[in-house]
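Down below is the structure, laid out as structure tokens.
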Amino acid sequence: MALPPTYSPSEVEKRWYADWEARGAFKPNVNASQGPFTIVIPPPNVTGILHMGHALNNTLQDILIRWKRMQGHAVLWVPGTDHAGIATQNVVERQLAKENLTRQQLGRDQFIKRVWTWKEKYGSTIVHQLRRLGSSCDWSRERFTMDEGLSRAVETAFLKLYEAGLIYRGYYLVNWCPRCQTALSDEEVVHEEVKGHLWHIRYPSASGKGEGIVVATTRPETLLGDVAVAVNPKGGRYRSLVGTNVLLPLCDRSIPIIEDEAVDSTFGTGAVKITPAHDPVDFEMAKRHLELIPPNASRKDWTSIPVRVIDSDGRMSRSNVPAPYQGLDRFECRKKILEDLEAQGLLIKTEDYGTSIGHCYRCRTVIEPTLSPQWFVKMRPLAKLGIEAVEKDGMRFIPVRWTKVYLDWLRNIRDWCISRQIWWGHQIPIWYCTSCNKPDVQGHGSWVNGQYVEPGMIVGHREEIKSGNPPPCPTCGKKVSLVQDPDVLDTWFSSWLWPFSTLGWPEQTKDLNTFYPTSVLVTGQDIIFFWVARMVMAGKFFLGKIPFKDVYIHGIIRVEGGKKMSKSLGNIIDPLEIIDRVGADALRFSLAHMTSEGQDMYLSENKFLLGRNFANKLWNASRLILEKIDSKGERPISFNLRFMTVPDWWILSRLQWTMEGVTKSLSDYHFNDAAQLLYGFVWNEFCDWYLEIAKLQREDPDIAIVQNTNHLLLTVLEETLRLLHPFMPFITEELWHRIGAAESPDSTIMKTPWPTPESAWADPNKEWAFKKLQTVITEVRNIRAIFHVPPKEKVSLWVQGSQGIGILTQHEKILQRLAGIDRLMIKAKLDRPKGSVISHLPAQHGLDSWDLMVPLEGLVDLAVERKRIEKEVQDLETRAKSKRGRLEDPTFRSKAPADVVAEEEESLKELEAQMGKWAESLKQLQ
RNA sequence: GGGCGGUUGGCGCAGUCCGGUUAGCGCGUUUCCUUGACAUGGAAAAGGCCACUGGUUCGAAUCCAGUACCGCCCACCA
């Protein structure tokens, strides 16, 4: 059963994943010795395809999950997907467009059916891609934010909030995306700095006397909806004009000049045009000056005022603006208005001006702030719970700095606009009596006993309303036909329930009782507001418990050069491609290796070579170990302490430290530390040193030594595989079986216990002994390299020393093989052989210092040797000097801790001794 | 306008919370090596006044204050 010389991941990965899944290995172990450990996946959008961010996010989760599973916890990782309202609707609409259809033509019911069809067909793409990564989610518990249970949870949540008086509808200026034709929450708007202009426009005096007023604006097209011009009450040159009227250009409406604190008299011209229907600041200002609203209009009902000049499709109003502008695209209209103003001599000045403009986070369309009736959640009371979570309930962010970001957002929270004017999503569980509720009163209900009500409004569960026995209309008392509010809820309204809705809430299921609260949330900084904060509030509000104790925020992945990865830039590094090329394990290991706490990371393709090479190294190490064992046809079953060699003790000890370090690092979410420890152990200690020595030990005539070595090789490899398993699940499982560690083909490394260090085997003294050997070998190799001794040429090694010298005599074979030494001469006092190179090893690790001499008759270039020694002396001199300086400083002696002083003294003494030796050698050379 | 992060060999990054040997790693570079695990490899090596200025300290890459540049987030200056 010899292993092929290179590891080929794709076959192995496919085989093991199918196997794990088939035998239900990802399900929580009901007989677990430790308590539950739960993670809910940040549900990717159904429309999504796996990108590097997902790869990182899920790799980290899987590392924790597999680690905790091996530690014996009842581990549950709940997977699922998000219905992603707008994104999914967009995708299906685009599909329809190819058939020359619109969703309106199809009608709501048909359209939704279409989306479901799409979801059935394509919605599991990402879920399958997560499998390729090796994610050990319990797929039997997979959820979808629109599935029946979760829809029930959404309605229940809405009703509970409603009953608590936290839901209301209002007629507000909201972020409107003219392309998606829906309102968006503040968090869904992406502000981007855009180069624009500041136009100075004259509004002529209405009385004909005076110059009028000049306003500065970035959006001239909105002047058609102006209701006033405002100046600061304290200062500015227009202060005297307050109370007078000006004429709105191009429509010849007379509007007043008012005063308001919000105006900055030093900005622009000091005068601001007020367009309440299309600017949030103006809206707030207008609310402070209700007198602006024409007396014939309802003060609540802004629709009847001719101020809304841009329709929901982003074109100018068909009725509220002068004929030439009607129906024009808003940006076209801007041009035309500027031309017309210019023609009338009212455009005074055009300045370049950079301003930040809101864009739809889904389609990048420029947001049009627009007045419309929308549903909101009152956030203040909920935010209080979110703040409590960190201040009282012990929730913590890793890295901690996100705590402040989180708290700041909660402390300045604004109400959450939860209604969306799209079709794909959870329809709002509110019904209206068709005879009592008129569309034009929308958003003007009132508060009764702490609850928001509109005439004819019924709040309830879908099944109850649709059961055929709906409650009577609370207003007219009749059982007339009810129509459901057409809006759907923000996608995040279902996501914020995810940690418990996936476990069965609102039912008190066994899963909910067992696995809630979850253990840790692993996610990116970009959704702290969208998702994390809201989940915390929801968890506390609906269940009275924080949904997770730890929130691990990992960095964002960028491409080398600092840009964000994006399709349009064509700089995507596709994780699936990487998996095809180097394997999932290599991808995972590379990612973990570079994940330093919460730091953003730059990616380039060649970074995955690290993982690939490492996997290959591991594979080949196993191959080496296995080859000899298999050819002998026998497996060593035990080992005997009597036959343990110095290198054996060393590698065992190193393994213990590795176990401890990896466990500690994972506990602290220091994934990179853990990966680096393992990398270093496997490559630099196990492979570079121990395997080379093991080759020799396996040639030993004593079969006990051979057996012992083989046993040790297998033991160390097996434990290493287990330590590596969370990072590299596939290759470790494969090798674990190949080395015969599995009791039966049915067992899996996944369920083996996590290695724990044995303190008896972690022995620094034994490590030192071996390190001495390493030092000598390295030193000889160094000399050979400097003097170009051909690899096949053997050299003699003369060692002058006494203490602890046995380590060398006992390991002549190792010295011979690893350093090419054919003769070893050891004495307490030696005359330096002619033509030899000398090296003075410092005293360390409890041994006296040794002098190494390598006779290289005829090979030594004196100039090179002199240079080598001079450099050595110089280095020592520098170090000694700084130490001397410090030791001569009386304050150091009095203030520094005694052990530090002692250490310094000791090391200076040693340095001086060394320098003496080297100086002597240098003299001999001359 | 606020807040946060970064600045360490040619490149990409650890180390900084919690100050104390000779500051680590990967890539790249130089020299040598086709010795039966692995050239996706082995051996040896070169390369860093830890952005700058000042402070605290016996001692600073590490703590404090400030400066510069880069990046991110939040915010109603039209």
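All of the numbers you see were taken from the coordinates with simple rules; none came from a lab. Just so we're clear, the structure is a prediction, and the values are computed from it rather than from any experiment. Don't worry about glycine lacking a Cβ; one is built from the backbone with ideal geometry, like all the others, and counts go over all protein chains shown.
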Notebook entry, point to check: Remind me, what semi-axes does the range A:30-74 give for its equivalent ellipsoid, largest first in whole Å, using sqrt of 5 times each Cα gyration tensor eigenvalue?
Noted result: 26, 11, 6
Note to self: Cross-link candidates for A:Lys113: which lysines have Cα within less than 25 Å, leaving aside residues fewer than 8 places away along the same chain?
What the structure shows: A:Lys98, A:Lys121, A:Lys466
Note to self: Counting other beta carbons within 10 Å of each residue's own, what order do A:Cys436, A:Cys180 fall into, fewest first?
What the structure shows: A:Cys436, A:Cys180
Next item on the list: Normalising by the residue count of chain A, find the relative contact order in percent from Cα pairs under 8 Å and 6+ residues apart.
Entry: 12
Check: So what's the gap between the Cα centers of the range A:579-616 and the range A:490-524, to the nearest angstrom?
Finding: 31
Notebook entry, point to check: By count of other Cβ within 10 Å, fewest leading, how are A:Leu773, A:Leu887, A:Leu385 ordered?
Noted result: A:Leu887, A:Leu385, A:Leu773
Next item on the list: Would you list, by chain and number, the aspartates and glutamates whose Cα falls below 14 Å from the Cα of A:Lys404, excluding same-chain residues fewer than 8 positions away?
Entry: A:Glu388, A:Glu391
Next item on the list: May I ask for the distance between the Cα centers of the range A:877-926 and the range A:783-841, given as a whole number of Å?
Entry: 28
Checklist line | Simple Cβ-charge dipole of the range A:763-831, Lys/Arg +1 and Asp/Glu -1, about Cα centre, in debye nearest 20 | finding: 120
Margin query: Using a Cα-Cα cut-off of under 22 Å, which lysines could be cross-linked to A:Lys664, ignoring same-chain neighbours fewer than 8 residues away?
Written below: A:Lys68, A:Lys549, A:Lys751
Note to self: Within 10 Å of each candidate Cβ there may be at most 13 other Cβ atoms; applying that plus a DSSP loop requirement, which GluC sites (Glu not before Pro) in the range A:668-740 survive?
What the structure shows: A:Glu699
Check: Once phi is turned into θ = phi - 60°, what whole-Hz ³J(HN,Hα) does the Karplus curve with 6.51, -1.76 and 1.60 give for every residue of the range A:335-346, x standing for Gly and Pro?
Finding: 4, 5, 4, 5, 4, 5, 5, 4, 4, 8, x, 9
Next item on the list: Would you work out the charge dipole size for chain A about its Cα centre, treating the Cβ of every Lys and Arg as +1 and the Cβ of every Asp and Glu as -1, and quote it to the nearest 20 debye?
Entry: 760
Notebook entry, point to check: Lys/Arg Cβ at +1, Asp/Glu Cβ at -1, dipole of chain A taken about the Cα centre: which of A:Pro470, A:Phe493, A:Tyr17 is farthest positive-ward?
Noted result: A:Pro470
Checklist line | For A:Ala84, distant residues with modelled amide H under 5 Å away | finding: A:Val46
Item checked: Computed magnitude of the charge dipole of the range A:91-214 (debye, nearest 20; Cβ of K, R +1, Cβ of D, E -1) -> 420
Note to self: How tilted is helix A:148-163 with respect to the longest principal axis of chain A? Cα atoms for both, answer in degrees (0 to 90, nearest 10).
What the structure shows: 60
Next item on the list: Using the charge dipole of chain A (Lys, Arg: +1 at Cβ; Asp, Glu: -1 at Cβ; taken about the Cα centre), state which of A:Leu587, A:Leu624, A:Asn245 has its Cα farthest towards the positive end.
Entry: A:Asn245
Check: Given the rule -39500 (n - 2.57) for each run of at least 4 DSSP H residues, summed and divided by the residues of chain A, what is its mean residue ellipticity at 222 nm, to the nearest 500 deg cm²/dmol?
Finding: -12500 deg cm²/dmol
Next item on the list: Rounded to the nearest Å, what's the spacing between the alpha carbon centres of the range A:34-55 and the range A:716-741? Just the number, please.
Entry: 24
Next item on the list: Name the residue farthest towards the positive end of the dipole of chain A from the options A:Ser317, A:Leu407, A:Thr370, assuming +1 on Cβ of Lys and Arg, -1 on Cβ of Asp and Glu, about the Cα centre.
Entry: A:Ser317
